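Encoded as structure tokens, the structure appears first; notes follow it.
The values are calculated or read from the model by the stated rules, or taken from the named source; none is laboratory data. These numbers were taken from a predicted model, which means no experiment stands behind them. Cβ coordinates were reconstructed from backbone atoms using ideal geometry, including for glycine residues, and neighbour counts include every protein chain displayed. These accessible areas exclude ligands, DNA and RNA; they are computed on the full protein's heavy atoms, side chains included. Shrake-Rupley method; radii C 1.70, N 1.55, O 1.52, S 1.80 Å.
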Amino acid sequence: MTETLLKEQLATCVNQLPNVVSSYRWHGQIIHDKEVLLLIKTPASRFESLARRLLEIHPYELPELIAVPVTQGHRPYLDWVCQLGSTPPGG
């Protein structure tokens, strides 16, 4: 999934956080699952395209897909994200 999003230029960077334990209610049951949390960085202008593609390739019936607005950050890094990684940060 990560490779697809990067190759298709839908994301600039994807962090994979393994061994996340998620607990949730699903179909009337309480579920505890080990998951890999993906933090996907992409410009806001690419969110809809990324969301469509992610929903096509994700194995879950209802994956968590949320956008967290960035209000501040290291400007060179944010510029790099917005350029979809066309140049390395700081380079």
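Structure data summary
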| item | result |
| --- | --- |
| Flag for Leu65 being of a type in the set (A, V, I, L, M), surrounded by 10 or more Cβ atoms within 10 Å (Cβ to Cβ) and under 20 Å from Met1 (Cα atoms) | yes |
| Positions within the stretch 5-34 being open to solvent by less than 40 Å² (accessible area, probe 1.4 Å) and either in contact with a helix residue (DSSP H, G or I) (Cβ under 6 Å, 6 or more places away or on another chain) or free of Cβ contacts under 8 Å to residues at least 60 places away in the same chain (or both), in sequence order | Leu5, Leu10, Ala11, Thr12, Val14, Ser22, Ile31 |
| Boolean, Gly85 is at pLDDT below 95, assigned to a loop (DSSP other than H, G, I, E, B) and surrounded by 14 or more Cβ atoms within 10 Å (Cβ to Cβ) | yes |
| Restricting the stretch 68-82 to residues that are open to solvent by 60 Å² or more (accessible area, probe 1.4 Å) and outside any helix (DSSP H, G or I), the residue that is nearest to Leu38 (Cα to Cα) | Val68 |
| Residues located in the stretch 48-80, provided they are over 28 Å from Ser22 (Cα atoms) and touching a residue at least 24 places away in the same chain (Cβ under 8 Å) | Trp80 |
| Qualifying residue in the stretch 42-59 (condition: of a type in the set (Ser, Thr, Tyr) and more than 16 Å from Thr12 (Cα to Cα)) | no |
